[in-house]
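Structure first, then comments.
The values are calculated or read from the model by the stated rules, or taken from the named source; none is laboratory data. Model, not experiment: these values are computed from the prediction. Here Cβ is always computed from backbone atoms with ideal geometry, including for glycine, and neighbour counts include all displayed protein chains.
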Amino acid sequence: MDLTQGTPEEKRARSKKMMLWFGIGSLLMSFAGLISAFIVSSKQRLNKDWLSDFELPDAFLISLILILVSSLTFIMAKRSLKQNNRQMTAIWLLVTLALGIAFVFSQFEGFRQIIQTGYNFTGPTSNITMSYIYLIAVVHIGHVIAGLICIIVVIYNHFKQKYNANNMLGLELAANFWHFVDILWLVLFLFLYFFRYII
C-alpha cells in the first residue's frame, strides 16, 4: 500500500493507525521481556524462594471475564455508530467504561487476596513468584488505565458529535487498543494459570 496516496484525511488516518500498531508492538516486546524473566527465574532451581504451586486469586478470573465482556460491548458501540444510532453508541461506550473500571477494582481485589495468603510485593513476606505476578498485573493495569482514558475521550467526543458512520477514526483507534489490552490479559492469565503445571 502506498502511504502517500489519498486525501490528507486518509493519510492522517493511515499514519495514526500505523503509530498505534508500532506502539502495540513495543508493548508486546516489553511484556515478552517480563514473561521471559518469569520463565528464567522459575528455572533457577537454586532459588528456594520460587513457588511451584502458586494459586492465582479468584478475582483475576473475574477480571478476565469483565475485560472480555468489555471488548464485546466496545464492538457493539462501534456497530451502533456504523448504524448512526448515537444513543446506543453512548450506552455501549458507557458500559465499556464501567466494565473497564470494574476490571481495575477486581485486579486490586486480587492483590488483596494475594496479601491474605501471606505474600506482599516487597519486604520479608514477599516472594519472587508473587512479586512477578504483582509486577505483570500492575504494568498491565497501567495500560488498562491508558485505555480507560482513551474511552473517556471517545465518550466526550461522541457527545460532542464528532463521530458518525463516516468518521469514526478516534473510536476505531481506541477500540483497537482496548481489544489489545483485553487479549493481552487473556494471554497473561492463561500463561500464569497453566505455567505452574509445566515447570
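Residue pairs whose Cβ atoms lie under 6 Å apart, separated by 6 or more positions or on different chains, with the first residue in the range 1-15 and closer than 22 Å to ASN176 by Cβ and at pLDDT 65 or above and the second part of a helix (DSSP H, G or I) and not polar (S, T, N, Q), are ALA13/LEU169. Taken over the range 147-181, the criterion of being more than 16 Å from LEU81 (Cα to Cα), touching a residue at least 60 places away in the same chain (Cβ under 8 Å) and either in contact with a Lys or Arg (Cβ under 9 Å, 6 or more places away or on another chain) or of a type in the set (Val, Ile, Thr) (or both) is satisfied by VAL181 alone.
Within the range 92-128, being more than 14 Å from the chain's Cα centre (by Cα), within 17 Å of ALA146 (Cα to Cα) and buried (at least 20 other Cβ atoms within 10 Å of the Cβ) holds for one residue alone: LEU93.
Restricting attention to the range 60-105, the residues being closer than 21 Å to ALA165 by Cβ, in contact with a Leu (Cβ under 7 Å, 6 or more places away or on another chain) and of a type in the set (Gly, Ala, Ser) number 1. When VAL144, VAL187 are screened for being touching a Phe, Trp or Tyr at 6+ places or on another chain (Cβ under 9 Å), aliphatic (A, V, I, L, M), under 27 Å from TRP50 (Cα atoms) and in a helix (DSSP H, G or I), only VAL187 passes.
Determine, yes or no, whether ILE67 is within 17 Å of ILE183 (Cα to Cα), part of a helix (DSSP H, G or I) and in contact with an Asp or Glu (Cβ under 7 Å, 6 or more places away or on another chain).
Details: within 17 Å of ILE183 (Cα to Cα): yes; part of a helix (DSSP H, G or I): yes; in contact with an Asp or Glu (Cβ under 7 Å, 6 or more places away or on another chain): yes.
Against the criterion (within 17 Å of ILE183 (Cα to Cα), part of a helix (DSSP H, G or I) and in contact with an Asp or Glu (Cβ under 7 Å, 6 or more places away or on another chain)), ILE67 qualifies.
Select from the range 36-79 the residues that are of a type in the set (Lys, Arg) and surrounded by fewer than 16 Cβ atoms within 10 Å (Cβ to Cβ) and write down the one among them that is modelled with the highest pLDDT. Looking at the filtered set, the residue picked out is ARG79.
The set of residues from the range 118-130 being part of a helix (DSSP H, G or I) and either out of contact with any strand residue (DSSP E or B) (no Cβ under 9 Å at 6 or more places or on another chain) or at pLDDT 95 or above (or both) comprises ILE128, THR129.
Can you report the number of residues in the range 123-144 which are β-branched (Val, Ile, Thr) and under 22 Å from HIS179 (Cα atoms)? I'd like the intermediate steps shown before the answer.
Of all residues in the range 123-144, those β-branched (Val, Ile, Thr) come to 125, 128-129, 133, 136, 138-139, 141, 144.
Next cut, under 22 Å from HIS179 (Cα atoms) only: 133, 136, 138-139, 141, 144.
Final tally of qualifying residues: 6.
When the range 129-170 is limited to residues that are surrounded by 14 or more Cβ atoms within 10 Å (Cβ to Cβ) and aromatic (Phe, Trp, Tyr), the one that is nearest to ALA77 (Cα to Cα) turns out to be TYR163.
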